[in-house]
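Q: Encoded as structure tokens, here's the structure I'll be asking about.
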Amino acid sequence: MAVKTEYAIGMSTKHPHGPAYLPGDPVPAEQVARIVRVDQAGEFGAVRIYAGQRAVLRRGPAADAVKEMAEQEREHLETFDRLIAERRVRPTALGPLWNVAGYALGATTALLGEKAAMACTVAVEDVIDEHYANQLETLGDDEPELRKVITEFREDELEHHDTALKHGAEDAPGYPLLSATVKASSRLAIWLSERF
């Protein structure tokens with residue numbers, strides 16, 4: 001009976017000698033819901049960033065690169081929209097904010113020039129790479145379908161990162177400041193979208 005009580009308050013078969021998580025941490029089902037919610041929000045934000053950049057960058061190699069990356073992000077969003085529905089996960093309440101903020105970030109960086117737009121991509125993808133790596137570690141061997149999606153999308157995001165570097169991201173005026181600002185904003189958006 002004592003064992004049943006322990007399991008009822010948060011023990012797992014993987015951790016029979018202690019809690020699977022610390023007090024205040026989300027239980028595994030909540031953790032997976034957070035992952036799906038934040039990743040759907042992130043892909044939505046990425047689609048909006050590229051929409052803003054495409055509105056400004058209309059021709060040339062950078063515009064072509066942005067168009068291609070935007071199409072991949074749209075596919076990513078469709079996948080996470082499906083997962084949100086299938087798993088009955090509440091999407092972030094901050095969608096309207098990410099709609100405006102993502103577009104504004106994309107358009108603003110593009111107005112600063114092609115290299116600034118590419119610098120934005122590099123900064124966002126640096127954060128996303130770290131974010132996806134942490135999610136894969138959190139999931140461990142659980143959730144094979146979700147792990148596969150995250151692994152594939154992480155590879156796509158790394159390609160976007162490398163593409164942006166090839167298009168002169170590091171030569172953008174004020175690159176260190178721009179990069180630091182976009183990274184800080186991206187980390188804040190992740191933290192908020194997981195919770196709200």
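Q: Please turn the phi angles of segment 184-196 into ³J(HN,Hα) values with the Karplus equation 6.51 cos²θ - 1.76 cosθ + 1.60 (θ = phi - 60°), one per residue in order, whole Hz, x for glycine and proline.
A: 4, 5, 5, 5, 5, 4, 4, 4, 5, 5, 5, 9, 10
Q: Helix-only mean residue ellipticity at 222 nm, the chain, DSSP H runs n ≥ 4 weighted -39,500 (n - 2.57), per residue, nearest 500. What is it?
A: Per the formula, -26500 deg cm²/dmol.
Q: With label points built 7 Å along Cα→Cβ from the Cα atoms of LEU158 and ASP141, find their separation and express it in nm.
A: Here the modelled spin labels are 2.3 nm apart.
Q: For LYS115, LYS166, which order do you get if you count the other beta carbons within 10 Å of each Cβ and list the fewest first?
A: Least to most surrounded, the residues fall as LYS166, LYS115.
Q: Continuing with this model, one more query. Can you give the alpha-carbon Rg of the chain over 2.2 N^0.38 Å, where N counts its residues?
A: Output field value: 1.15.
Q: If the cut-off is a Cα-Cα distance under 15 Å, which aspartates and glutamates reach LYS183, setting aside same-chain residues fewer than 8 apart in sequence?
A: GLU125, ASP126, ASP129, GLU130, GLU157, GLU170
Q: Please turn the phi angles of segment 167-182 into ³J(HN,Hα) values with the Karplus equation 6.51 cos²θ - 1.76 cosθ + 1.60 (θ = phi - 60°), one per residue in order, whole Hz, x for glycine and proline.
A: My calculation for segment 167-182 gives 8, x, 3, 6, 8, 5, x, x, 3, x, 5, 4, 4, 4, 5, 5 Hz in order.
Q: Taking other Cβ within 10 Å of each residue's Cβ, how do ARG48, ARG154, ARG59 sort, fewest first?
A: Listed from fewest to most nearby Cβ atoms, that is ARG59, ARG154, ARG48.
Q: Top mean-square fluctuation among HIS76, HIS131, HIS160, Gaussian network model of the chain, C-alpha springs under 10 Å?
A: Looking only at HIS76, HIS131, HIS160, the largest GNM fluctuation is found for HIS131.
None of the figures in this text is laboratory data; all of them are computed from the coordinates on show. Treat the numbers as computed from the prediction; the structure is a model and nothing was measured. Glycine also receives a Cβ, built like all others from the backbone with ideal geometry; neighbour counts cover every protein chain displayed.
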